[in-house]
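The block underneath contains the structure these notes are about, expressed in structure tokens.
The values are calculated or read from the model by the stated rules, or taken from the named source; none is laboratory data. Computed from a predicted structure; not experimentally measured. Counting neighbours? That spans all protein chains shown, and the Cβs are built from the backbone with ideal geometry, glycine included. Remember, those area values only see protein heavy atoms, side chains included, never the ligands or the DNA or RNA. Shrake-Rupley method; radii C 1.70, N 1.55, O 1.52, S 1.80 Å.
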Amino acid sequence: MNKKYIELLEILCCPQCKSDLEFIEKYLFNENTEDELLKKIKGKEISGYKCSKCKILFPIIEEIPVFLIDKTIKLENG
Ligand SMILES: [Zn+2]
């Protein structure tokens, strides 16, 4: 099920710092947000791509990986 997303790792990098990304299968997004797109995943367990260097997660929303800097989820623990 997640195979296609994992395969993408080979060609993707962080658009901000160009580092390699890590696939995160389950992340519970539960922050308050005014962003219409991020509201769709609030309280839900999602998958995404993590950049350890930037400490951000690029979420997969409705099966679409979103690589927009202003739609990322900040990770407190890196
Ligand atoms: Zn980065």
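Could you check how many residues of the stretch 37-47 are free of Cβ contacts under 8 Å to residues at least 40 places away in the same chain and not in a loop (DSSP other than H, G, I, E, B)?
Residues of the stretch 37-47 that are free of Cβ contacts under 8 Å to residues at least 40 places away in the same chain, as a first pass: 37-46.
Narrowing further to those that are not in a loop (DSSP other than H, G, I, E, B): 37-39, 44-46.
Matching residues across the stretch 37-47 total 6.
Kindly indicate whether PHE67 is out of contact with any Gly (no Cβ under 7 Å at 6 or more places or on another chain) and open to solvent by less than 90 Å² (accessible area, probe 1.4 Å).
Working: out of contact with any Gly (no Cβ under 7 Å at 6 or more places or on another chain): yes; open to solvent by less than 90 Å² (accessible area, probe 1.4 Å): yes.
Here the answer is yes, as PHE67 does meet what is asked.
Of all the residues that make up the stretch 6-36, how many are touching an Asp or Glu at 6+ places or on another chain (Cβ under 9 Å), closer than 17 Å to LEU68 by Cβ and not in a strand (DSSP E or B)?
Residues meeting the conditions: 4.
What's the number of the only condition in (1) surrounded by 14 or more Cβ atoms within 10 Å (Cβ to Cβ); (2) of a type in the set (A, V, I, L, M, F, W, C); (3) in a loop (DSSP other than H, G, I, E, B) that ILE60 fails to meet?
(3)
What tally of residues in the stretch 21-36 results from selecting those that are open to solvent by 50 Å² or more (accessible area, probe 1.4 Å), under 13 Å from the mean Cα position of the chain (by Cα) and not hydroxyl-bearing (Ser, Thr, Tyr)?
Start the filter on the stretch 21-36 by keeping residues that are open to solvent by 50 Å² or more (accessible area, probe 1.4 Å), which leaves 22, 25-28, 30-32, 34, 36.
Then drop every residue that is not under 13 Å from the mean Cα position of the chain (by Cα), which leaves 22, 25-28.
Now narrow it down to the ones that are not hydroxyl-bearing (Ser, Thr, Tyr): 22, 25-26, 28.
Total satisfying the criteria: 4.
Determine which member of the set LYS26, LYS74 is basic (Lys, Arg) and within 14 Å of the ligand (Cβ to nearest atom).
Answer to the selection: LYS74.
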